Amino acid sequence: MKEIHGDLIALAKEGHFDVIIHGCNCQCAMGAGIAKTIKEVFPQAYEADLKTPASDRSKLGSYSYCQVTSENHPLTIVNAYTQFHWRGKGLKVDYEAIRSVMKKIKCNFSGKRIAYPLIGAGLAGGDWNIIKNIIDQELLDEDHTLVIFEK
C-alpha cells in the first residue's frame with residue numbers, strides 16, 4: 001500500500017487514479033464523511049447507491065459504482081458496502097465486508113490505479129491496522145494508494 005497525504009477527490013478529478021473506493025452503509029445514506037462529499041461532487045455515485053435496496057444486510061461486502069469523466073479523465077467511483085448502518089457509537093464497520101469487497105475490487109479492477117481514504121477507520125470506528133492488513137492482503141500486487149486527507 002502506498003500512502004500519500006492530500007485530497008482524494010481533488011487528486012481523482014485531476015486524473016491521478018482510475019478507481020476510488022469509499023466505505024458506505026447499507027441504508028442508502030451518504031450523509032457524512034467522505035461519502036457526503038462524494039455525493040455532492042459526483043451525484044452519479046449516490047444515484048448508483050439509490051439503485052440498491054436500502055436496509056438490505058446482504059449488501060455487506062458488495063459494491064455499487066458509477067463511471068464519470070472528470071477533466072477529460074475517466075474515473076470509476078466505488079461505493080463499498082462495509083457497514084450496515086451509521087447510527088450510534090462504537091464499531092460499525094464489518095471487517096469481513098471489507099475483505100469481501102476488496103476481493104471483488106481486485107477481480108473487477110485489476111491493473112487500475114486504485115485509491116481510497118481510511119475506509120472504516122473514521123466514523124465507522126474500525127481499527128486501521130486491521131483494515132490496512134485486509135486491504136494489503138486482498139489487493140496484493142495491485143497499484144493501490146491510501147490518501148490521508150490533507151487540504
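Taking TRP86 and the conditions (1) at pLDDT below 95; (2) assigned to a strand (DSSP E or B); (3) among the aromatic types (Phe, Trp, Tyr), which numbered condition does it fall short on, given that it satisfies the others?
Against the list (1) at pLDDT below 95; (2) assigned to a strand (DSSP E or B); (3) among the aromatic types (Phe, Trp, Tyr), TRP86 comes up short only on (2).
Here are some residues: GLY111, GLY88. Which one is farther than 21 Å from SER64 by Cα and not hydroxyl-bearing (Ser, Thr, Tyr)? So that I can check it myself, show each step before the final result.
Working: GLY111 fails: farther than 21 Å from SER64 by Cα.
Within the list GLY111, GLY88, the selection yields GLY88.
Please go through the stretch 89-111 and pick out each residue that is surrounded by fewer than 16 Cβ atoms within 10 Å (Cβ to Cβ), assigned to a loop (DSSP other than H, G, I, E, B) and not hydrophobic (A, V, I, L, M, F, W, C).
Selection gives LYS89, GLY90, SER110, GLY111.
Pull out all pairs, ordered by first then second residue, where Cβ-Cβ is under 8 Å, the residues are six or more apart or on different chains, the first lies in the stretch 1-26 and is closer than 20 Å to GLU138 by Cβ and of a type in the set (Asp, Glu), and the second is at pLDDT 95 or above and outside any strand (DSSP E or B).
Listed pairs, sorted by first residue: ASP18/PHE109; ASP18/LYS112.
Restricting to the stretch 46-74, what's the tally of residues that are more than 11 Å from the chain's Cα centre (by Cα), under 27 Å from ASP127 (Cα atoms), small (Gly, Ala, Ser) and crowded, with 18+ Cβ neighbours inside 10 Å?
Residues meeting the conditions: 1.
Tell me which residues, restricted to the stretch 113-139, are modelled with pLDDT of 95 or more, surrounded by fewer than 15 Cβ atoms within 10 Å (Cβ to Cβ) and not in a helix (DSSP H, G or I).
Matches in the stretch 113-139: ASP127 only.
Applying the selection to the stretch 19-66, what residues are among the polar types (S, T, N, Q) and out of contact with any strand residue (DSSP E or B) (no Cβ under 8 Å at 6 or more places or on another chain)? Steps first, answer last, please.
Initial filter on the stretch 19-66 (among the polar types (S, T, N, Q)): 25, 27, 37, 44, 52, 55, 58, 62, 64.
Within the stretch 19-66, GLN27, THR37, SER55, SER58 meet the criteria.
Go through ILE21, ILE77, ILE38, ILE34 for me and flag whichever is modelled with pLDDT under 95 and surrounded by 15 or more Cβ atoms within 10 Å (Cβ to Cβ).
Details: ILE21 fails: modelled with pLDDT under 95; ILE77 fails: modelled with pLDDT under 95; ILE38 fails: modelled with pLDDT under 95.
Criteria check complete, one pass: ILE34.
The values are calculated or read from the model by the stated rules, or taken from the named source; none is laboratory data. Owing to the predicted nature of the structure, the values given are computational and were not obtained by experimental measurement. Glycine also receives a Cβ, built like all others from the backbone with ideal geometry; neighbour counts cover every protein chain displayed.
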